[in-house]
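No lab work stands behind these numbers, since they all come straight from the coordinates. This is a predicted model, so every value here is computed, not measured. We place every Cβ from the backbone using ideal geometry, glycine too, and count neighbours over all the protein chains shown.
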Amino acid sequence: MGAGHSHPLFLDRPSPVHRLPPEVKLVAAFLGVLCVVATPPGQFAVFGGYLVLLASVWAVARIPPGWILRRSLIEAPFVVLAVLLPLVGEGERTEVLGMSLSVPGLLAGWNILVKGTLGVLTSLTLAATTPLRELLVGMQRLHAPAMVTTITTLMLRYVDVIAGEARRMRVARIARGHDPRFLWQAGATARGIGALFLRSYERGERVHLAMLSRGWTGAMPVLTAGRATAAQWSAGLAFPAVALGLLLSGWSIG
Amino acid sequence: MYLAMHMSDGLVNAPTAAAFGVVAVVGMAVCLAKARADLDDRTAPMAGLVAAFVFAVQMLNFPILPGASGHLLGGALVAILVGPWVGALCIAIVLVVQSLLFADGGVTALGTNITNMALIAVFTGYGVALALRRFALRGKGGLTATAFLAAFLGTIAAALGFVVQYAIGGQGLALGYTLALMLGLHALIGIGEGVITALTVGAVAAARPDLVHLLRGAQRPLELRRPEGSAA
């Protein structure tokens, strides 16, 4: 990636977490979330422990907690499910504020909310400390198929171009008085998407020819040499190790 | 309001998530091999640009009703435009990047998300489109109706994928409720998806029918006519 190719969730700070090799962070985040997912929903203290663990990572990474929390309010349709569960769930019921709620339903709803939120917080931490190029390096070092890494590289390189084109088309429509409010007024937008596809596809053809003229053989050069050291791995894996400890403590109590 | 289908972490338990992770990896390996056969050495740039297109399109919000908007998932759209193999590959890559860099969809839910949106939605959409190809070739009306149905049924099938996953690895809700909730919600999303997909495919087919994967091989071959009496 050249200059300017940053993603909106990246927070540039000089911190040990930012300096960790990307493949270590990817593995650590994945294993950490896996521990969260495997925790029985009744272990409230363990979930609190995960939050403290994440907060300590934010402190090391010099990410203000408010910055993360503001961005964690991603509306998910599955929140509907979490709200619905206590109302229609089966089993033993309890009275809360005059409403009859199902106890297993409450627990299941809490399960979805807390695990989803902790997952989003972990993903946000990963995104805030890993720039685009690093992610690609991480994928490459974790032995993702070369073709997948190459496609992702090209996608990330051109997504700003295509999104910019989409934005200009939208401004052009608005400048001509377009103000859709209902689905049946979306015709112009949809035809715009058709035009956007043609432009993307034709740009792909031109990019391919440009790559061929520069000696494209079908494989990208290796982005950077060097591997993560054992010390870096152990520093990064401390995160899932603590999470695993929390998980096991939850199991031994529960 | 904003409608999307990205599953979060913890909706289904760890073994179910892992099992669908395997399904996703195997599916993607097949798609990768087939996409290479489709596009040969053009695979990387073309799939990269199509994925960038999918990414950009998912950022565009469509009005549904005042106060409610949604965005295109694009499964059936890319299946009809670039074929199911390249299409599924592009959607899966977009899902991975959204999950890792935009915290949109859980990291451990990637397997289930790729299974639903990249495999089920794309291949159902393509299967429907292929079954109706005869009508699609007849003219603009046929193509539009085909694209609508492909996108609508693709969305419904993806929602059914979620229902199955939740029945296996979720907890707390009877199958009937999940089914009713997801089908009701996604019938609405599917109508929006269908309308936008139909209009978009119509626009592409009007300008460059040769680029629409579904219509491939249907064009009349180029006929060379020479003036009478000229040397061959």
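The C-alpha atoms of chain A define a longest principal axis, and helix A:103-129 lies at about 40 degrees to it. When the Cα positions of A:Gly105, A:Ala175, A:Ala231 are compared along the charge dipole of the protein assembly as shown, A:Ala175 comes out farthest toward the positive end, with charges on each C-beta of Lys, Arg, Asp and Glu.
In summary, no aspartates and glutamates lie within cross-link reach of B:Lys34, defined as a Cα separation below 13 angstrom excluding same-chain residues under 8 places away. Mean residue ellipticity, 222 nm, helices only, chain A: the sum of -39500 (n - 2.57) across DSSP H runs of n ≥ 4, divided by residue count and rounded to 500, is -23000 deg cm²/dmol. Of the residues A:Tyr158, A:Tyr201, A:Tyr50, which exhibits the maximal mean-square fluctuation in a Gaussian network model of chain A defined by a 10 Å Cα contact cut-off? Greatest mean-square fluctuation among the candidates belongs to A:Tyr201.
What is the sum of charges, Lys and Arg at +1 and Asp and Glu at -1, for the other residues whose Cβ falls under 11 Å from the Cβ of B:Trp85?
Here the count lands on +1.
Against the main long axis of the alpha-carbon atoms of chain A, helix A:187-213 sits at an angle near 70°.
Local charge for B:Leu214 was computed over the other residues whose Cβ lies under 15 Å away, with Lys and Arg +1 and Asp and Glu -1, and equals +4.
Compute the FRET efficiency between A:His143 and B:Ile168 as 1/(1 + (r/R0)^6), taking r as their Cβ-Cβ distance and R0 = 30 Å, and round to the nearest 0.05. After rounding, the FRET efficiency stands at 0.55.
Distance between the 7 Å Cα→Cβ label points at A:Val79 and A:Trp251: 3.3 nm. What are the DSSP H helices in chain B that stretch 20 Å or more along their long axis, judged by alpha-carbon atoms, and whose average Kyte-Doolittle hydropathy comes to at least 0.0? Flagged H segments are B:14-39, B:43-59, B:84-102, B:140-169, B:175-207. The per residue volume of the convex hull around the alpha-carbon atoms of chain A is 201 Å³.
Go ahead and estimate [θ] at 222 nm for chain B from helices alone: -39,500 (n - 2.57) per DSSP H run with n ≥ 4, summed, over the residue count, rounded to 500.
-22000 deg cm²/dmol
Compare A:Val17, A:Val207, A:Val159 in a GNM of chain A, Cα atoms joined below 10 Å, and give the one with the largest fluctuation. Ranking A:Val17, A:Val207, A:Val159 by mean-square fluctuation puts A:Val207 first. Taking 7 Å steps out from each Cα toward its Cβ at A:Ala219 and A:Val88 produces label points 5.3 nm apart.
For A:Lys25, a cut-off of 27 angstrom between C-alpha atoms picks up these lysines, skipping any fewer than 8 places away in its own chain: A:Lys115.
Mean-square fluctuation check for chain A, GNM, Cα pairs under 10 Å: which of A:Arg214, A:Arg141, A:Arg62 is largest? Looking only at A:Arg214, A:Arg141, A:Arg62, the largest GNM fluctuation is found for A:Arg214. Here B:Lys140 is the anchor, and the aspartates and glutamates within straight C-alpha reach of less than 19 Å, apart from those fewer than 8 places off in the same chain, are B:Glu193, B:Asp210.
In this Cβ point-charge picture (+1 for Lys and Arg, -1 for Asp and Glu), the protein assembly as shown has a dipole of about 1320 debye about its Cα centre.
Within chain B, the longest segment free of exposed loop sites, counting trypsin sites (Lys or Arg not before Pro) that fall outside DSSP classes H, G, I, E and B and have at most 13 other Cβ atoms within 10 Å, spans B:1-137. Which GluC sites (Glu not before Pro) does segment A:84-125 hold that lie in a coil by DSSP with at most 16 other beta carbons within 10 Å? Within segment A:84-125, the qualifying GluC sites (Glu not before Pro) (loop, at most 16 other Cβ atoms within 10 Å) are A:Glu90, A:Glu92.
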